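The values are calculated or read from the model by the stated rules, or taken from the named source; none is laboratory data. Just so it is clear, the model here is predicted, and its values are computed rather than measured. Cβ coordinates were reconstructed from backbone atoms using ideal geometry, including for glycine residues, and neighbour counts include every protein chain displayed.
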């Protein structure tokens, strides 16, 4: 009920807004307390709040939702505002949830899993009437986590094979080309002057001296 949500509760609560976030938080909370994750199939949730200290939780959606659980052929109505207290394996003091029984809408007051666990879930009305159903009837498949975006980034090896302009080349060929073999010039051998002079004929020397 609206008057249950006091400012003090809001100040102590974990508050979330927006349908996607509230849907995820609601399913997570149900899972943490051991209840089936599809127990509250709401749509267009505006706000959800949870006071961990007391277990008080509330959910606000844009408009009333009627949902049929096909496995048990049961129609359930969820008001624009739902409140309850959650604890391990149980939701109690529920407001805003009604189940269709024949031609009547019966307000639900408590929902819990049997202890010891036997795969059954019990729904009790404000009048004390209860019915038991398989837990599997209120479970929905877990959504797959979002796949990582596929990027077209090149691996380090591929990047190494590209030059600055992005043109591919053979790394081995470049490395081989970089090995410049030094050119070793043969030293110029000069004969001693004395040897060079001795090689000149004596006649030429005499003529030069004249």
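General remarks:
- Test result for residue 97, in a strand (DSSP E or B), in contact with a strand residue (DSSP E or B) (Cβ under 8 Å, 6 or more places away or on another chain) and under 20 Å from residue 132 (Cα atoms): yes
- Entry remark, the range 65-88: residues being within 16 Å of residue 33 (Cα to Cα) and surrounded by fewer than 17 Cβ atoms within 10 Å (Cβ to Cβ) number 3 in total.
- Scanning the range 41-54 for residues that are at pLDDT 95 or above, closer than 23 Å to residue 6 by Cβ and in a loop (DSSP other than H, G, I, E, B) yields a single hit, 42.
- Note on the range 89-105: residues that are surrounded by fewer than 17 Cβ atoms within 10 Å (Cβ to Cβ) and farther than 14 Å from residue 36 by Cβ amount to 8.
- Considered as a group, the residues in the range 72-93 that are in contact (Cβ under 8 Å) with a residue 24 or more places away in the chain and more than 31 Å from the chain's Cα centre (by Cα) include one that is nearest to residue 134 (Cα to Cα), and that residue is 72.
- In the range 115-132, of all residues being surrounded by fewer than 16 Cβ atoms within 10 Å (Cβ to Cβ), touching a strand residue (DSSP E or B) at 6+ places or on another chain (Cβ under 7 Å) and closer than 22 Å to residue 28 by Cα, the one that is modelled with the lowest pLDDT corresponds to 119.
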